[in-house]
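Novice: First the structure, which I've put down as structure tokens, then a few questions once you've had a look.
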Amino acid sequence: MKVLLDVMGISKAGGGRTASIELLKGLAEAEPSIEICALVDSFIDELARIPQIVQKVIPVRNRFVARVILQVYLPWLTRRKQFDIVHHAKNLSVLFAKGINIVTIYDMANLTIPQIFPKVDNVFWRFVQPALLRRANHIIAISDTTALDLKRFFGIADDRITTIYLSVPSRFRLYPPQDVETIIQKLGITTPYVIHVGSISPKKNLRPLLTAFAKVKDSGWTGKLVLVGDRYLTLANDPLDDLMEDLQIRERVIFTGGLPDDVLPPVLAGADLFVFTSLYEGFGLVLIEAMASGVPIIGTSTGAIPEVVSDAGMLIKANPTAGELAEAMATLLNNPSVSARYREMGLRRSRMFTSKILGTNTIEVYRRLLEHK
């Protein structure tokens, strides 16, 4: 089986990079005879050790320019190499690629909460994306929530969609305290701390978290809040700074920016609590990463989060008030027995999301489509 995977854009840290690398690893693990050509925007050392994978680097970081180039290059490549499967693994496909075309869709946030996205992106998802998906042979949704949204917004039939959950990388695990301490010291982090991992952006809805943290601080908790992720706005123009000054918590909040793959896991594992206040998620992979790291979680009941987390984390209502969030945080921070119970349930839940399961389920889709070619 010869497969072309378009995973352009995985040079940037985040859920898309993690999901794509885990998919590639899972495919090689599930089907040793597979031949994979991966289109990437920068060489990924982690994939170089897998003999079934050849990386073709198109060194273009601008998203728009990359898609224009692929509209020409990818159809040419598929005619030259004769791939059995062409898998567009990060939402965006191209026209006229030869072979069986599959598209993985992460979420439909642009249509669910359009007010937080650029207008050009909303126009694409409302008018262009449905036309592209109609041309695809099959669609993989990363959650049942995303599958339902595909049916609701685009009217795509059940038999054209398969739900396949993402995988949590093995590097997210329990770490010895001394390993955690070595890493967090370099970042200026001291224990105890609450952590959030994700872009510093409107979608992640961080204002309630900051206000709730201030309430927890005022009640006597002495730890810090660590925010891991790149900012969508410059620091000078970020309205969160004014809020932190008003709440008098600026010295208790640490912005690390995005962290490398070998640094984030121990930083996550050292936290007392993971809090995720996102307005919408098609999966919420970072929640599973936190659970695999032995950290109790609080998440909002929005999008696929309840589906993915189940009862292994404390879920509160979507877009909670600061008071509601502070109460949930205090419950876990001040009650070791409750925290330990969620920690254990999270560890068990996280073991359901492996690269081998991801790869096996994806190979099954490939084979089914090839049989009915």
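Novice: Can you pull out the residues in segment 152-181 that are in contact (Cβ under 8 Å) with a residue 40 or more places away in the chain and β-branched (Val, Ile, Thr)?
Specialist: If the condition is that a residue be in contact (Cβ under 8 Å) with a residue 40 or more places away in the chain and β-branched (Val, Ile, Thr), then 162, 164, 168, 180 are the ones that fit.
Novice: Still on this model: Looking only at residues in segment 286-344 that are among the charged types (D, E, K, R) and over 26 Å from residue 258 (Cα atoms), which one is nearest to the chain's Cα centre (by Cα)?
Specialist: In this case the residue turns out to be 307.
Novice: Something else now. Quick check: is even one residue across segment 28-41 touching a Cys at 6+ places or on another chain (Cβ under 8 Å) and within 13 Å of residue 56 (Cβ to Cβ)?
Specialist: Narrowing segment 28-41 to residues touching a Cys at 6+ places or on another chain (Cβ under 8 Å): none.
Within segment 28-41, not a single residue is touching a Cys at 6+ places or on another chain (Cβ under 8 Å) and within 13 Å of residue 56 (Cβ to Cβ).
Novice: Could I ask something else about it? Can you give me the number of residues within segment 47-69 that are under 30 Å from residue 171 (Cβ atoms) and either hydrophobic (A, V, I, L, M, F, W, C) or without any contact (Cβ under 8 Å) to a residue 40 or more places away in the chain (or both)?
Specialist: 16
Novice: Report yes if some residue within segment 347-355 is out of contact with any Phe, Trp or Tyr (no Cβ under 8 Å at 6 or more places or on another chain), within 30 Å of residue 110 (Cβ to Cβ), surrounded by fewer than 17 Cβ atoms within 10 Å (Cβ to Cβ) and among the hydroxyl-bearing types (Ser, Thr, Tyr); otherwise report no.
Specialist: Checked against the condition, which is being out of contact with any Phe, Trp or Tyr (no Cβ under 8 Å at 6 or more places or on another chain), within 30 Å of residue 110 (Cβ to Cβ), surrounded by fewer than 17 Cβ atoms within 10 Å (Cβ to Cβ) and among the hydroxyl-bearing types (Ser, Thr, Tyr), segment 347-355 yields no hits at all.
Novice: Go over the candidates 280, 232 one by one and state the one that is closer than 25 Å to residue 19 by Cβ and over 14 Å from the mean Cα position of the chain (by Cα).
Specialist: Exactly one of 280, 232 is closer than 25 Å to residue 19 by Cβ and over 14 Å from the mean Cα position of the chain (by Cα), namely 232.
Novice: Evaluate the following for residue 361: is it outside the structural domain of residue 102 (by TED's automatic domain parsing) and of a type outside the set (A, V, I, L, M, F, W, C)?
Specialist: It is false that residue 361 is outside the structural domain of residue 102 (by TED's automatic domain parsing) and of a type outside the set (A, V, I, L, M, F, W, C).
Novice: Please give the number of the condition residue 87 fails out of (1) part of a helix (DSSP H, G or I); (2) at pLDDT 95 or above.
Specialist: For residue 87, the exception is condition (1).
Novice: Is at least one residue of segment 335-346 in contact with a strand residue (DSSP E or B) (Cβ under 9 Å, 6 or more places away or on another chain), aliphatic (A, V, I, L, M), surrounded by 18 or more Cβ atoms within 10 Å (Cβ to Cβ) and within 21 Å of residue 224 (Cα to Cα)?
Specialist: First, pick out the residues of segment 335-346 that are in contact with a strand residue (DSSP E or B) (Cβ under 9 Å, 6 or more places away or on another chain): 338-339, 342, 346.
Subsequent filtering for residues that are aliphatic (A, V, I, L, M) retains 338.
Add one more test, that the residue is surrounded by 18 or more Cβ atoms within 10 Å (Cβ to Cβ), and what stays is none.
Scanning segment 335-346, I find no residue that is in contact with a strand residue (DSSP E or B) (Cβ under 9 Å, 6 or more places away or on another chain), aliphatic (A, V, I, L, M), surrounded by 18 or more Cβ atoms within 10 Å (Cβ to Cβ) and within 21 Å of residue 224 (Cα to Cα), so the answer is no.
Yes/no matrix, rows are residues, columns are (1) more than 24 Å from residue 302 (Cα to Cα); (2) within 19 Å of the chain's Cα centre (by Cα):
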site	(1), (2)
192	yes, no
195	no, yes
224	yes, no
228	no, yes
250	yes, no
258	yes, yes
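Novice: Then there is this: Counting only residues that are charged (D, E, K, R) and under 20 Å from the mean Cα position of the chain (by Cα), which one in segment 8-44 is surrounded by the fewest Cβ atoms within 10 Å (Cβ to Cβ)?
Specialist: Among them, the one singled out is 12.
Novice: Within segment 202-224, how many residues are at negative phi, outside any strand (DSSP E or B) and crowded, with 16+ Cβ neighbours inside 10 Å?
Specialist: Selection size over segment 202-224: 16.
Novice: Please determine, by comparing only the residues of segment 90-134 that are among the aliphatic types (A, V, I, L, M) and under 21 Å from residue 199 (Cα atoms), which one is farthest from the chain's Cα centre (by Cα). Write out each step before concluding.
Specialist: We begin by selecting, within segment 90-134, every residue among the aliphatic types (A, V, I, L, M); these are 92, 94-95, 97, 100, 102-103, 105, 108-109, 111, 113, 116, 120, 123, 128, 131-133.
If we keep only those that are under 21 Å from residue 199 (Cα atoms) too, we end up with 92, 105, 108-109, 111, 113, 116, 120.
Working: 92: 16, 105: 12, 108: 14, 109: 13, 111: 18, 113: 17, 116: 18, 120: 22 Å.
Ranking the qualifying residues of segment 90-134, first place goes to 120.
Novice: Here's something else I'd like to know. Report, by residue number, each residue of segment 136-180 that is over 21 Å from residue 286 (Cα atoms) and touching a strand residue (DSSP E or B) at 6+ places or on another chain (Cβ under 7 Å).
Specialist: 136, 137, 138, 139, 150, 156, 160, 161, 162
The values are calculated or read from the model by the stated rules, or taken from the named source; none is laboratory data. Since this is a predicted model, take the numbers as computed values, not measurements. Virtual Cβ from ideal backbone geometry, glycine too; neighbours counted across all protein chains shown.
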